Each structure stands twice: as structure tokens, then as C-alpha cells.
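Heads up: the structure comes next, in C-alpha cells.
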Amino acid sequence: MRRTRASIVALVVLSLAACSTDQPATGPSGAPSATGAGTGEQSKFFVQADYDAELAMLGATATGPADKPWEQVLNPKMVETTKFKKKGPHKICFSNAALNNPWRQVGFKTMQAEVETHRDQISEFVHVDAEGKDQKQIADINDLLGKGCDALIVSPNTTATLTPAVEAACRTGIPVVVFDRGVETTCPVTYINPIGGYGFGHVGAEFVAQKMKPGGKVLALRILPGVDVLETRWSAAKLVFDRAKVDVVGVEFTDGDPAKTKKIVDDYLQRHGTIDGIWMDAGAVAVAAVEAFQDAGKPVPPINGEDQLDFLRMWKDKGLTAIAPTYPTYQWRTPIIAALRILDGKPVSDPWKLPQPTITQENLGDYLDPAMPPLHYAMCGCTGLPGYPQRWK
Amino acid sequence: MLALRAVGKSFLGVRVLDGVDLDVAPGEVHAVVGENGAGKSTLMKIISGGYAPDEGSVVFAGETRTFRGPREARRAGIGIIHQEFTLLPDRTVAENVYLGHEPVRRGLVDRREMLARTSALLASMGAGPMPVDAPVGRLGIAQRQVVEIAKALALDARLLIMDEPTAALADHEVELLYALVRRLRDQGIGLLYVSHRLAEVFDLSERITVLKDGRRVTTVRTAQTTTDELVRHMVGRDLSGYYPGRAAPADVGPVLLTVRGGGNRKLHDVDLRLRAGEVVGVGGLQGSGRSALARALFGVAPFTTGQVDLDGKPVRVVSPRAAMRAGIAYVSEDRKGEGIVARQSVLDNALLAGRAIGGSWSGRSARTARMRDLLGAVDVRSAGVDQEIRFLSGGNQQKVVLARWLALGPRVMLFDEPTRGIDVGATSAIHDVVRRLARDGAAVLMISSDLPELLGMSDRIVVMREGRIAGELPAGASEADVVALAVGAVT
Amino acid sequence: MTTGDTLLRRLPRVRAGGLLPILVILGVLLILVAIRQPGFLAPGSLMSFLGRSAPIILLAAGQYFVIVSGEFDLSVGSLVTAQVVIAARLIDGEPDRTWPVVALVIVSSAFVGLVNGVITTWLRVPSFITTLGMLLILVGAVYFWSDGSPKGELSEQFRRFGRRAFEDVPVFGRVPYALLVVLVLALLAIVLMRSDFGRTLVAVGDSPRAAELSGVRVARTRTIAFVLSGVAAGVAAILLGGYSGVSFQAGSGLEFSAITAVVLGGVALGGGRGAVLGAMLGALTLELLFALMNFSGVSGTVRPAVQGAIILLAVAVSAARSPSD
Amino acid sequence: MSAQSLLAARRPVPGVYLALVLTVAIGWLVVMLRGGALFNQATMVSLLHVAAGLGLVAVGQTLVILGGSLDLSVAYVVSLSTLVAAETMNGSDTALVPGVLLALAVSAGIGLLNGLLIARFRINAFIATLGVGLLLKGYLDSNYDGPAGATSPSLVQSLGYQRIGPVPVSFLLLLVAAVAAGLALNRTRFGHHLLAVGGDAEVARLSGVRNQRVLVTAHVLCSLCAGLAGVYLAARLGSGAPRVGTEGIYDLESIAAVVIGGTALAGGRGGVAGTVGGVLLLASIDAIFNQLEVDSFAKQVVRGVIIIAAVAVYARRTIRKGRS
């Protein structure tokens, strides 16, 4: 009797597990799908027009001061802001998606330092952390609207779900500046971000595909499924790999956990003997991936990381074949600058596309700073800001 | 209305009931008597759906029934009052009484109706005023027993089983219960009345069934039998020869333990002296403070007033550990809950106390070896000392618990119902151990509800009532003497 | 009790909490891995697999002490994270600070366990709540202390415990330090469970009343279990920090992995049943399952479902086999 | 607050409300001293919105905890429910009702699975719901790579953003759910039986309660509440969000709210009124810390301390009651 019951449980459980596998597997055995790609179907986040635009921008030259990439703009499209002109000093409010990773920490500190440089114009800077929760951020924005802010900066937690809240903020008439992730509305005065995920993914994948031996095996290491920024990176990389007929032997999620990363790489090395290239959708676990090769006594293949110092140092010390596309943290400076310009009634570009530099073998030395902590992001544009370097340590 | 035919039941291979027949007619009070472990409670649980019989049949109201649970039995019209309380302390009186069949109006529980019916029910039972909307946890023991009875009656039972219903009741409450039983009988309800107290049985019942060792000995008309005859049926042996001999006056040594003016929440003004070499029996009704006395002496619920002396020196027994260090040991009445560790081996169980007190690493193997010998000496029957104790019979479990304490060489040994629910063979073995302990110079306190055992084993009997020591009886006192003291009747 | 009595006779006698089920599961997984990836069983790769599984095995052993005594410890994952981050910041790349920090990690982990135990036993807060609160406090405090981003660096000396190995060992090839650490501690754990304390701990989990009435200091015993869990988490933090370096992800979710491993190993939640070896084998099984999924290219997104299904299956089968409760 | 007085009709107001009043008073004072105002309309609305989402989940969690069980799968049920609702509606008002009903039906199904695993297959609730949660996570991860579907505009309009004075419709929904759950607990057989099962399963069985059925029902209701929270979040977010439940840590937060509200983790004692108080307390702390711009990590520490302290206080009280 009980045994029958147990087997029923087994059946239910297994059928449940099975029904979650109807998505075509992305992996070595993944059969070519409708799009004919070796890495499976394209993500629904993929937008061809955006992709083309971003790739075009990678080669474009930015306008603006050369030594201040955070003030530069790619393909500027200026918009009038005189209706927002207001006498200072201003109260600027910031609804932040989260502070839960080093990238956001470095960025936020950079932003705070930027605020300090404008102490004459900014009387109060209000920051609310949504702790990575959509519904808290919606509530936070609503909450900030009741506080008499002169301008609202939003770094949305999720593009689609924060759109209504941002629209509501626009309706109150205060200038709204969105950065990092976007929203699905044009109502903010400007949307600031670097070139974007397609560019990031493309640069890394191109490098890996070119440097590795032809027809070799690539392991793609991703952080989480379902995060839009990361999805666009992967969809661009997919296109590159499929075009180059690279054998992507696995797409694995690491949860940003270095231990899990090392285990995955270790097992893939065992399974395939060698891995000829590593592509990553974010640099957080790049060092762990490299260590896995070292610990297994294998040569480290071409790899992409990000501008975190631990990776850059390892790159230099071990002489890796590597590249670091960036999603620069200096973009956290720009919203403050933009907000103040808007409140001065000066025109700003919408969208405000920031350049997205890539760290290569050639310019690697420029970004290595031995005094900074290992998880610091080199592309912070913060060396000239007040409190450097102590604030970022 | 109820007919059992050749009902049998075994637990873990131990035959608890064997071919029992029983009939109850409407409007009849049918008493079931028997010694502890005779199978009364198991039989009642089979009738009320708590257990399924292994063999035989239960016919109720003309149909052969196999109740798949208490719910079905209750729905069919069988109410039961268990020996243990089945009340939820956090729920109100009314909620407890109507648990499982709350009155409903338009889909919702009709609180007002429930309160009203509960009040009416309690009133019809002749119970005193009771806060029906207060949590049961705030009531006293006697009141809880009344609630328990009300709970059994609430579902318009056609057959009501009462398992030791008067155990916790005071005199006037017993009278009320009598009246209630008679009233129910006159309404045509059949009653199965399980009791130790033969006087009650004679007062109330029309017929009496005697169980012994899981078999039905006889069923007699109450009017045609006598107490003596019943006792003979129940015991089926010569009482005097069954117990190990008492201590001779010369064997009784000096006073080991003295309590003066001991009291706590459940005890008042307890004065007690225990001598080396002597078995002191403790009698009294359930809830009279017998167990509280043992638990106070062992530091489970210590005395808050008064003084305890050991060897003439005051000791503070604030915890079981402190008691053990003073040389006091205790065998709880709740063997399953407080005695054994069900999933550990016989050896682990036996070594538990020794390990708790600690010992050197070097002494470990010697201790284990000694324990193996001891387990053999008290005649524990198991498939080996590594067998999990839950697979042993109750008697063997109890012997393991005894071995646990014997290994420590206690000077004062407290037993609370040491042979309850234990088969005859093991009972006699345990009696031997108790007596041997005394002969070896320990002071023994033994609580028992089993009057023959109490009278047969004790060198002296202390009877408790309402948290006080009601009196002391010498060896050779009669059952009537004990009962008289226990219920406070004038002798 | 009721139906169990009859069932007991029908079912084959498997000692509850026995190691047989977990050994069967482990064996099946090993065979599957061997088919899929024959090279896995070569000494070198097997050794490194065992080495990298060391932290979770230790956490499972620590969790076992708490669970078998009838409690829960949800704080171990965040304790590991906290210790890795604290160690990195204190060492800050200085080799000289390695040993003091190792000592500090272990002592402070024991202290966290002590606090868990004292709150649970003295203040009578259910351990689920105590350790849930502790989880929040530890992670919050360490994030707060390090401004949301780990600082400093672990020294190579610190990292070697979890990363390096004795090279060129005959037969085995390469023997990770972590493996030796886990073997020694596992042996200690097994010896401990056979000692007076261990047997008493199980008794406390099975029947705290009976234990107390036999003179066992129940509160103290349980508190020691929490301390042992804390120490295990501390050692796991050293090995894990060594294996993978400093990150805020170091310990996240490990408490659930550890509890899962313990349950897979045939240890009953609620206490009193199961063996520490079973718990550790449960952890090994879980790690082997992940490796198998890596080897067979199971899509990363489906893995939680596979894991969930196997847990439910294993527990449902053992629940159906166990006769009573 | 007539609802609350109804829920608490026969029992003293749980201590959590005292803590709530104290917290708000202290917070108000501190914020005022720093020259701010704790409660303007906007903060009030925000607070109640946050409370509504967590509250709906916590009300359901209260039911299973009262029955001596536990549900760690609620976070995934919430996410799944937002997706089912939003994808069924697909931006049209005509599919509003089917969308809501389907989301609730799917949630109830998961509750049924939980309940059966626990009650019939006797798997420990912790492990059973953890396992079911992992199954759902696998399903969500492999089928969704981001927000999907679109909620009916009129649902967004009404449940997501409509409010009456400072009180959002969603909070009224929470109150309705809480009153309904309170009614179910105090005024239905199911509720009486649930409290009995949680208090002492054996006593309940001997009293004729069908324990398994009661527990399964409680789990279905718990998942329904989580599903309802999902529908609300779909309305709030405008689409289905596969990570919203886990981001909100609804599993552990709901358990925290329940125990802060005075419900015993072991079951049998407590109620919905306390849970609503617990949710409001957590939301108030959020609001106050938001005002003071205190680091969210410090807030986490405070939350941890509050959870432990609250339960320690309740434990102390029970011990004292037991003695007197």
C-alpha cells in the first residue's frame, strides 16, 4: 500500500521534472533549431534592430571631452529641457534597484562622490535601495514622489515591470532620468546607458572565437537565467559562435558562485579533455574559471572577463590570452550630471549612449592599480573624484 | 447492541487480546474489570476504532463493523472517555467538547449554539458552573475530566465507553458521575464501564466481564456475584505467595531520607521518612500527588518549601542530575515518554544515565561489560543488546530501565507504577528486583495503583490525597483501608 | 503505531536510519557516472572530486549533530560567507596572518554556534527561528561591515588548504589537503558519535524527556551540537575560501544543501535517527549528482527540478519504508 | 479597524500590535527629530503596498503553520502565479477573469501536491515543500528568461494602483483575505480541526478529525493565498515575473511575519490577526529605515534580531502561563 503510494509520488515527481524540459536543450547535443543556430533558439529578449545599432556604435566615435567618457555621447540626439529649469540648490532623489553586488557598490560610491563635487547645486541627495525587489522599487518610487524631489533618478530592477511606476513618476512633471537598465517608455527625459549587452557579448565572443583554435570547444558560463542585461549578452555571443561554427559544448549557470564555477569547469575539462575557449556573460567568476584550469594543470584558453581588478591582475601575472569588455561603472556619474543639466535647462541627449571601452592586452596596464581591492571595477572613472581611493576600499 | 466475537490483537508479536467475547445491551451498564495489563484498554480502543482487531469481529447495532478510525466509531454512535486526557489546552471548553462535530449554521460554526449546547450538556450532567468559553488549560484536573466526559457524550453516543472515569475525580464528583451514568442508562444508552474500583462496579453495573492476560475469564450478573469471587477471577492465584517476602524488622536500617514540610504547586506539608532496607508503598488516587511526590524527590518538579535531608544532612535536589549525584534514582510511570529512548539500542538505553553522569575514557569498556552482565542479571530478553529497544515487550523495556539505574548503585530508589502494562512474568521479575534493592540496603519508594501489588510489596504504605499525606498504614493493611484513606472516607 | 505494527512484519527488516538506502543511491550514481565518464574513477580525478566535495561533507556532518539532537541550523550558509569575507579582510593578502586568522575563524564560528544554542535552549526559541534570525544577522552584518563588497584578499597560504594537494602520492596521485582534513574530521565525527556524548546526543533527539530524567543536561548537549555545527561551518569556510577565493556567494544556499544531504543520508528531521556517516555520504551523493549533471549536459535550468525530484523520491521511499510515527 | 476587532474578538490583541505602535512611535520621533515626516500619504501608500504582497503570502503561511506544517515553496508559487495570470490575460481585459482563475487554480494544484506529499506520503513538510519549490524553480528557469505576458490594464488599474485615500485596494484585498482566513479559523469546522491537528495530532485523530484532509486543505489554501499574492503582483508589475517571488524572499519573510505575529511554529496556537500585525511591523521597519536611508544590510541585522526577540518573548510568556 505505502509502496504503491511511493511509486505514485515518484511518477508525479518525475513527470513534473520532465515537463520542465520541453525547452530545447542548449548544449552539445542541442539540435539545430528553427534559426539554424548551433546554440539553440534565440532568446526572446533578442531584438535585431537594437543588436545592429549596438554593433554599429562599437565602432563609432563619441562626442564630448576625451578624458571624461562619462560625459561623452554616442550619436547624440539632443532634447530640449528648458521647461525643467529651476533655481538651485536641488533635491535629487535616486531609486536604486539594489546594492547587492560589487558592481553596484562601486557604482553607487562613484555616484555619491559625483554628488559631492556638486555640493553647491545639490542640497539633498536621497537614496532608496529596493534590495532587488521589483515591488519594493515600485513602492519606493511612489514614496519618493511624495518627498518634493526636484529630479528623480531611477536604476530599474527589471525593465518591463518598472515601466508603469516610471510612467507615473513622469506624470508628476519632475524630470526623470533612467540609467543602467531601461524602461519600456520614452517618458523619462533621458535614458543613460553604455552601448549595451549586445556589444558586451559580441566583443567577448569575437575575441574568443578568433583566438581559439578553429573548430575548438567553447564553454559559456552564465550567472543566472532570466536577467535581461545578461540575456542580451548571451544572445549576441550566440550569433558570433554560430557564425564562426564554434562548438559550444555547454552553457552553464554559476549563480555567481566561484566554487560552483570551478566544479563546472573541472567536470567539463574531464568530459571533453580540453576546453579551447571560455566565454562569460559577466566577469564575477572569471578568476575562478581560470583557477580551475590552473588547478587541473591545463593551459588557460582564451577567455573574456570584466574590468574587475582580480581578473586584470591575474591576466597580467599569468599572461592570459584575454579580453575584458566592460559595462563601465562610470555610468553612475552621468545621471547626476544629466539631472543637473536638465535642472539648468540645458539640452541633453536622449538616449545618452556612453562609450563602452574594452580592456585589451594593449591598454591593460592603464587599468591596473595595485592599491585598489580585488573586486574593484577599474572602469569607474573615479580616480579624480573626492575621496579617492579611500572611499572605494 | 454491541457484540464482540473472538477478538484478538497482538503488538510486536505479544498477544494482548485473545478470543474475547463481549455483549452490551441497550440501557445496560456492563463493567469490565481486570488487573493492569489484562487488555482492558486495548479492548476499548478496538471497540472505539483506535485499533483494528487482528482477528474476530465487532458487531454494532446489528452490523459487522470494522472502524477505520475513531471518527467512524464516533459517527456510528460510540463515545469513549480515554484514560489519558484528549483535550487541547489552548482551545476552549466548548471547542474541545464539540471537536470533530461542531454545530454548523449556514456553513459557519455556530458559536452561540455551541456554547449553549455545551452549557446545557454540562448542566444536564449536573456539573458545577464552568467557563465554557475559557481555554481548557485554565481548568483544574477534575474539571477537565468533566469536560472529557461531556466530549464523549456530545455526539449523541448510543454506546459510551468509560475507561477509569473516576480516577481523577473527587468524592462529590464521583457521585455526580454515578447519577449521570444512571441517567444515561435509563435513556437506553449502553455503557461499557472499565474500572479498578470494585465498589463502583457493584454500585453501577448489571453485568461484569473479567479479563485476565488478554482472555475473558467470565461474564457474570452483578447481582449474583461477590467481591471475593471477582478478585479470585481477576487474580487467579494465591496472592500471598506471589510477592517476594517483606523485610524483617532487623533488615530495616537507619533513616536515609527525610522530608519535612515539603511542598510545591502540587504538594503540601509532606513529611516523609525512608529507611534503608525498606519498601515504602505510596497509594492514592490518580492526581492525588503520588507522582508529584516522586518527581519532587527526584528534582523534576522540586519542592519549593520545606527541607530534604539525606543521611541527616540537608540536600538541595533541584534537578534530576542533582538527585542522581545524591544517589537518588527514579523510574517514571510513563515508560514510553520518559523512560526509554525508543530508537536506541538496549545497551544505549541501559547506559544512558551512566553516560550522562560521565566517566573516564578508561572506564568505558569496563562499564559496558558490567552493563552487559547486569542486563543478563535482570533477565532482559532481546535479540541482543544492539536491538532497538522499541522492539522489546514492555516488561523487557522496563527491565532495561531498571538496569540503567541499578548500574549506578542508587541509595534511594523511586518507582512510579513500575509494573503498569507489563506481563505477569516480567512483573514478578521486577518485584524481585525491587525487593533485592531493599535487601541490599537501598530505601525504596514505590507508587502503585494496583492495590494487591501495593499491599503485597510494601513494608509500610503512605496514602496520599489532594497533595497531602493522608495517612500511613502498616504492612498487612487491607485494600479497604487504603481506599478509605485515599478517598477520605471515615473508617 | 496502529498500522505500523502490521506493516512491520511485512516489510523486510531495514534498520531505520540505516546506511543501505544511501549506499544504493550512491552506487547507482557512481555506475551512471562511470558509464558516462569512465575517466572519472581514475585516482586523480576521483581525489580532486573528493577534495572539492570536502566543504559540503563537513557542513553535512555539522548539520547532522544539530538535526539528530532534534534541532535545525539554517545559519551555516551565511556563517560560511561571513567567515570567508572576514578572513579575506583580516588577512588582506598578508601570509603572516594566515594562522591567527584560521584560529579566529574556527573560534568565532564556534561562538556563533554557542549563541545559536543558548538562544534555542535557554530562551526556548525554536531553532528554525533562531538560526533564521542568525542567518539574516550574519549576512547583514558582514555586508554592512564590508559595504556590500568583499574587501581584502586571502593569502596563498590560507588558500592552499582548500586548493592545493600532496602531489605525486603513490597510487592516488594527488591527494588534496581538503580531503585529508575531511577524512580526519569524518573519523573524529564517527568516533564522537560512538562515544558517550554521541550516544547521549541521539538520545536527546529521540526523547529529550527520557534523557533529562536520566540526568542528561539536554540544553547543554544541544548547545554543544550547535557549537559543533558552527565549527564545521568554520572549517568548511576555510576550505571553501581556499578552493574558490573570496566572494559573497561563498556560502549562499549551503544550509539547504546541507539539510538536504543529511536527509538523503537517512537522518530524520526531528532527531534521534540516523548516522553521521550517512549524512556525509548524503553530501557526497548530492555532489556526485551535480557532477553527473555536468557530465551529461543536463541543461542548467532543469537541474533544480532534477534535484527536487530526487530528494522527494528518496524521502518518500524512506518514509514509506519506515514503520512508525 | 473593524476587521481587526472581529479577528481578535475572543483573544487579547497580540503583543505584536504593541510592538508595532512602539516601533512607529519611535520611528516617527526619530524621523521628526531629523526634520522629516514619517507618514505622508506617499509613504503610507508604499508601506501598505509592500504589506499587501507579503501579507497575502503570510496569511496563507499562517494556516499551514497553525496546522503544524510549513511551506517553503510559496516564493515560487508567487512567481508562477504572476506568469500564469499575465500570460493568460495577455494584455486584454476580456481574459481577466480566466487569467485570475487559472492562476489560482494552478496555485491550488501545487498546494494539493504539497499537502498530499506531507499528509499522505508523510514526508517532512520542510523537505517536501523544499523539493516542490525546486521543481517549480526548474520549470520557471527553463521556460522563462525574463518577464512575460501582460496583465489586463483594468486589473493593473484597479488592483495594482487604485486606492481609497491612503489605502490601496490591494491592502483591502489583504484585509479581506485575512478576515476570511480568520473566519475560516474561528468559525468553520475546518479551522477548528486545523487548530486541533496543529495542537495535538493524536488528540485530533481520536476526536474524529480527518487529519490528512485538514492538512491538505490548509496547504491548498496556503498556495491559494500565494497565488493571490501573485495575481496582485502581476497587477502591480504589469506582467508576469519569474523571479519576483524569490527576490521578495517570500518564503522566509512570510514565516518570519507569522512567528513575529505570535503564532507558534509548532502549530496549534496563534492566528491571522497577529500575522497581519507582523507584516505591518516588518513593513513599518522598512518604511522607517527607508526614511532614515539606513543601509539595507543594517536593516537585515535588525530584522534578524527582531525575529529572535519576538519569539523569545512569546516563549517566555508561554512558559510563565504554563507555571501559573
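The values are calculated or read from the model by the stated rules, or taken from the named source; none is laboratory data. Predicted, not measured: the structure shown is a model, and the values here were computed from it. A quick note on method: Cβ atoms are made from the backbone with ideal geometry, for glycine too, and the neighbour counts reach across all protein chains shown.
Yes or no, residue by residue, for (1) surrounded by fewer than 24 Cβ atoms within 10 Å (Cβ to Cβ); (2) within 23 Å of B:Q398 (Cα to Cα):
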{"site": "B:V282", "(1), (2)": "no, yes"}
{"site": "B:L297", "(1), (2)": "no, yes"}
{"site": "B:L310", "(1), (2)": "yes, no"}
{"site": "B:V318", "(1), (2)": "yes, no"}
{"site": "B:R325", "(1), (2)": "yes, yes"}
{"site": "B:A329", "(1), (2)": "no, yes"}
{"site": "B:K336", "(1), (2)": "yes, yes"}
Count - residues of region C:224-258 that are in a helix (DSSP H, G or I), over 15 Å from C:L74 (Cα atoms) and not hydrophobic (A, V, I, L, M, F, W, C) = 4
task = Please note which helices (runs of 4 or more DSSP H) are completely contained in region A:247-353 and include at least 3 residues that are within 14 Å of chain C (Cβ to nearest Cβ) and buried (at least 24 other Cβ atoms within 10 Å of the Cβ).
result = A:258-272, A:286-295
key: So A:V176, is it modelled with pLDDT of 95 or more and either under 26 Å from D:G91 (Cβ atoms) or surrounded by fewer than 23 Cβ atoms within 10 Å (Cβ to Cβ) (or both)   = yes
key: Verdict on D:V301 being among the hydrophobic types (A, V, I, L, M, F, W, C) and in contact with a helix residue (DSSP H, G or I) (Cβ under 6 Å, 6 or more places away or on another chain)   = yes
ask   = Among the residues of region B:309-325 satisfying the criterion of being free of Cβ contacts under 8 Å to residues at least 60 places away in the same chain, more than 23 Å from B:E417 (Cβ to Cβ) and of a type outside the set (K, R), which is nearest to the other protein chains (Cβ to nearest Cβ)?
value = B:A322
Filtered residue count, region B:127-153, keeping only those that are acidic (D, E) and surrounded by fewer than 19 Cβ atoms within 10 Å (Cβ to Cβ) = 1
request  = Run down A:L99, A:L55 and say which single residue is crowded, with 21+ Cβ neighbours inside 10 Å and touching a residue at least 12 places away in the same chain (Cβ under 8 Å).
outcome  = A:L99
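Results for (1) in contact with a His (Cβ under 8 Å, 6 or more places away or on another chain); (2) within 22 Å of D:G198 (Cβ to Cβ); (3) more than 10 Å from every other protein chain (Cβ to nearest Cβ); (4) modelled with pLDDT under 85, shown as yes or no for each residue.
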| site | (1), (2), (3), (4) |
| --- | --- |
| B:L121 | no, no, yes, no |
| B:Q145 | no, no, yes, yes |
| B:T166 | no, no, yes, yes |
| B:V174 | no, no, yes, yes |
| B:Q187 | no, no, yes, yes |
| B:L192 | yes, no, yes, no |
Looking only at region B:52-67, and only at residues there that are assigned to a loop (DSSP other than H, G, I, E, B) and over 27 Å from the mean Cα position of the chain (by Cα), the one that is farthest from the other protein chains (Cβ to nearest Cβ) = B:G62
Matching helices (runs of 4 or more DSSP H) fully within region A:122-212 where at least 2 residues are aromatic (F, W, Y) = A:197-211
query = Scanning for something closer than 21 Å to B:L454 by Cα and among the aromatic types (F, W, Y), does region B:234-247 turn up at least one residue?
reply = yes
message = Condition first: within 20 Å of the chain's Cα centre (by Cα), away from chain C (no Cβ under 14 Å) and of a type in the set (A, V, I, L, M, F, W, C). Now tell me which residues in region A:359-377 satisfy that.
response = A:I359
task = Would you mind finding the one in B:V14, B:V20, B:V29 that is β-branched (V, I, T), surrounded by fewer than 16 Cβ atoms within 10 Å (Cβ to Cβ) and in the same structural domain as B:H101 (by TED's automatic domain parsing)?
result = B:V14
ask   = If you scan region C:201-219, which residues turn out to be touching a helix residue (DSSP H, G or I) at 6+ places or on another chain (Cβ under 8 Å) and in contact (Cβ under 8 Å) with a residue 12 or more places away in the chain?
value = C:L201, C:V202, C:A203, C:V204, C:G205, C:S207, C:P208, C:V216, C:V218, C:A219
Search result, residues across region D:134-166 that are touching a Leu at 6+ places or on another chain (Cβ under 8 Å) and within 7 Å of chain C (Cβ to nearest Cβ) = D:L135, D:Y139
query = Picking from D:L66, D:L33, D:L47, D:L29, which residue would you name as being buried (at least 24 other Cβ atoms within 10 Å of the Cβ) and either away from every other protein chain (no Cβ under 12 Å) or in contact with a Phe, Trp or Tyr (Cβ under 9 Å, 6 or more places away or on another chain) (or both)?
reply = D:L47
key: Residue within region B:248-260 that is surrounded by fewer than 16 Cβ atoms within 10 Å (Cβ to Cβ), in the same structural domain as B:V32 (by TED's automatic domain parsing) and either within 24 Å of B:E453 (Cα to Cα) or at pLDDT 90 or above (or both) present   = no
Check on A:Q356, touching a Gly at 6+ places or on another chain (Cβ under 7 Å), modelled with pLDDT of 90 or more and away from chain C (no Cβ under 14 Å) = yes
request  = Please go through region D:165-195 and pick out each residue that is over 22 Å from the mean Cα position of the chain (by Cα) and not charged (D, E, K, R).
outcome  = D:G165
query = Which residue pairs have Cβ atoms closer than 7 Å, lie 6 or more positions apart in sequence or on different chains, and pair a first residue in region A:157-178 that is on the phi > 0 side of the Ramachandran plot and touching a residue at least 40 places away in the same chain (Cβ under 8 Å) with a second residue that is surrounded by fewer than 20 Cβ atoms within 10 Å (Cβ to Cβ) and part of a loop (DSSP other than H, G, I, E, B)?
reply = none
inquiry  = Condition first: on the phi > 0 side of the Ramachandran plot and either among the hydrophobic types (A, V, I, L, M, F, W, C) or more than 8 Å from chain D (Cβ to nearest Cβ) (or both). Now tell me which residues in region C:126-155 satisfy that.
reply    = C:D147, C:G152
message = For the structure I just gave you, tell me whether B:L351 is in a helix (DSSP H, G or I), touching a Pro at 6+ places or on another chain (Cβ under 9 Å) and hydrophobic (A, V, I, L, M, F, W, C).
response = no
message = If the requirement is being at positive phi and within 12 Å of chain D (Cβ to nearest Cβ), which of these qualifies: C:G271, C:G297, C:G308, C:G266?
response = C:G271
request  = Please state which one of C:V191, C:V181, C:V105 is within 19 Å of the chain's Cα centre (by Cα), surrounded by fewer than 20 Cβ atoms within 10 Å (Cβ to Cβ) and of a type outside the set (G, A, S).
outcome  = C:V191
request  = Just name the residue that is farthest from the other protein chains (Cβ to nearest Cβ) out of those in region A:113-161 that are under 16 Å from A:A338 (Cα atoms) and among the aliphatic types (A, V, I, L, M).
outcome  = A:A151
note = D:G230 vs (1) surrounded by fewer than 24 Cβ atoms within 10 Å (Cβ to Cβ); (2) touching a residue at least 12 places away in the same chain (Cβ under 8 Å); (3) within 13 Å of chain A (Cβ to nearest Cβ): all pass except (1)
